[in-house]
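Report on the structure given below.
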Amino acid sequence: MPKGAIIVGAGPVGLMLAGELRLGGVDVTVFEQLPAPSGESRGVGFTRRAAEVFEQRGLLARFGEVEWAQGHFGGVRIDFSQLEDNHFSVRGIPQFHTEEILGAWVDELGVDVRRSHEVLGYRESADGVVVEYQGPDGYGELAAHYLVGCDGARSLVRRLAGIDFPGWEPTRGMYMADLVGADVRRRPIGERVPGGMVMSFNLQNGVDRIVIHNESLRPPEDKSSLTFSVIADAWQEMTGEDLHDAEVRWVSSFTDTTRQAAEYRRGRVFLAGDATHIHMPAGAQGMSVGVQDAANLGWKLAADINGWAPPGLLDTFHAERHPVGQQLMRNTRAQTKLYLSGEEMEPLRAVMQELVADPGVARHLAGQVSGLDIRYDMGEGHHPRLGLRLRPDLPLKLADGSPSSVAGLLHPARGLLILTSAAPDAGRLREIAAPWASRLDVVAGDFTGEEAGRPDALHAVLVRPDGHIAWAAPDDADLTRALERWFGTA
């Protein structure tokens, strides 16, 4: 009989999804082709919404003291301090460190991570999938209810499933190198110089990363042929700084190739993270969107495997996340044009800089970069915050007088109904939710701080395990219908 789910790929997205499924009581097996983490880091941080997703599971504190970064849109600086919401991202966290933290978490949860396991193919039936693999002990097969490809931009799962990956071909590229002992001046957002753009910042422990876009250089078709001397020559030409004698940890290159999977689900196969999209890196959005994919999909798969998912719940994964991917493609392509084009783009950059001084424009662009503008269709209801995320750092004073927060209440990855002292007929709402007690927690308490005085304050709120508001009062929407839509039959 099929059992649980199989995830292909032990990067941040695969590990995050594995943890979400285990919190949902599902058996998970992760297949990873590499024998050990590579230690390489294309990404060096994550967006505000990804930080919130980690906070919802009690993971953000494991990163220790983090550096909160001011944002930009295609090199146009945005003053986040003028905005009501906190859009600051986390900077200086190499991807391998994120993988270490998530790896330790899933190990605590009992996830079966199998390294040195190469997936060869799969067979799908009405009740599950059988994955064929090659491991250290030879050929094997494993059955599960579902298969999820978190195996990156060159996703084998996507190709095996026959899912199209349309998009735009590359027009420009960038080079990257991690150096020790280089003593490079910091350029965290990047500087436009004659011939292109240069960026430099400290990763950690004395390691500096340099990134260049040189209009006369195109990244090689075969990355294995890339040498640091090419990067160092271009860096010296563009900045006058000689880095040829620096100790080199890693070199890489990438282009502005932009593609998105046409389907995030086909039958019993799902895609998440970079398996669904490829684009020019911009503001750590790629990995961050993938982490949100995992938070969106995990509880839904667990609900289906555990037998209580309402009809159509799994289809909401594509319906909700594919538009987010489309927005990601659009904003990274726009940022690439602004960021890497030559002098001919200066008039538009100047206009953009004037526009972002307006709080409304700044809020719109910051919301795209931070991920805080995502709103899902929750159906019935008119509350202005319906479908948005509920800030996990919001403090509450529980009915027994003890302090708590939205994040703390979401650690178990269950649904959550918060009833404040202003809730209309709280006793009746509690009775309505009682039959769903195995799938959500009902908490009495009041929001404190700035939330309490908002004109759109929440008197009662139903929150999905991924932190998004599924029902809210005051409103004329029916709580029972919202519970049935997201948490199945009572």
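Worth a mention:
- Count of region 25-80 residues, restricted to those that are under 19 Å from the mean Cα position of the chain (by Cα), in a loop (DSSP other than H, G, I, E, B) and within 30 Å of Gln134 (Cα to Cα), is 4.
- Residue count for region 40-56 under the criterion of being in contact with a Pro (Cβ under 9 Å, 6 or more places away or on another chain) and either closer than 12 Å to Gly408 by Cα or among the β-branched types (Val, Ile, Thr) (or both): the result is 5.
- Per-region count, region 219-229, residues over 16 Å from Arg42 (Cβ atoms) and surrounded by 14 or more Cβ atoms within 10 Å (Cβ to Cβ): 2
- Scanning region 36-58 for residues that are surrounded by fewer than 16 Cβ atoms within 10 Å (Cβ to Cβ) and modelled with pLDDT of 95 or more yields a total of 1.
- So Thr276, is it under 23 Å from the mean Cα position of the chain (by Cα), at pLDDT 95 or above, within 20 Å of Glu20 (Cβ to Cβ) and surrounded by fewer than 21 Cβ atoms within 10 Å (Cβ to Cβ): no
- Residues in region 279-303 that are within 8 Å of the chain's Cα centre (by Cα) and outside any helix (DSSP H, G or I): 0 in all.
- Region 136-160, residues that are of a type in the set (Gly, Ala, Ser) and within 22 Å of the chain's Cα centre (by Cα): Gly149, Gly152, Ala153, Ser155
- Top-ranked residue of region 111-129 - restricted to ones that are free of Cβ contacts under 8 Å to residues at least 24 places away in the same chain and of a type in the set (A, V, I, L, M), ranked as nearest to Val8 (Cα to Cα): Leu120
- Test for Thr257: is it under 20 Å from Val289 (Cα atoms) and surrounded by fewer than 20 Cβ atoms within 10 Å (Cβ to Cβ): yes
- Residue check for Thr420: within 19 Å of Glu84 (Cα to Cα) and free of Cβ contacts under 8 Å to residues at least 60 places away in the same chain: no
- In region 371-382, the residues that are at pLDDT below 95 and farther than 22 Å from Arg330 by Cα: Gly379, Glu380, Gly381, His382
- Matching residues, region 191-213, being under 24 Å from Thr98 (Cα atoms) and assigned to a strand (DSSP E or B): Met199, Ser200, Phe201, Asn202, Leu203, Gln204, Val207, Asp208, Arg209, Ile210, Val211
- Restricted to region 86-131, and to residues there that are at pLDDT 95 or above and among the small types (Gly, Ala, Ser), the residue that is farthest from Gly286 (Cα to Cα) is Gly128.
- The set of residues in region 172-188 being free of Cβ contacts under 8 Å to residues at least 24 places away in the same chain and assigned to a strand (DSSP E or B) consists of Arg187 alone.
Residues checked against (1) over 30 Å from Arg159 (Cα atoms); (2) of a type outside the set (Phe, Trp, Tyr):
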| residue | (1), (2) |
| --- | --- |
| Asp183 | yes, yes |
| Ser229 | yes, yes |
| Gln236 | yes, yes |
| Gly240 | yes, yes |
| Val248 | yes, yes |
| Thr257 | no, yes |
| Tyr264 | no, no |
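- Subset of region 235-249 (residues that are of a type in the set (D, E, K, R) and under 15 Å from Val211 (Cα atoms)): Glu237, Glu241, Asp242, Arg249
The values are calculated or read from the model by the stated rules, or taken from the named source; none is laboratory data. Bear in mind that the values here come from a model prediction, so they are computed numbers and not experimental data. A quick note on method: Cβ atoms are made from the backbone with ideal geometry, for glycine too, and the neighbour counts reach across all protein chains shown.
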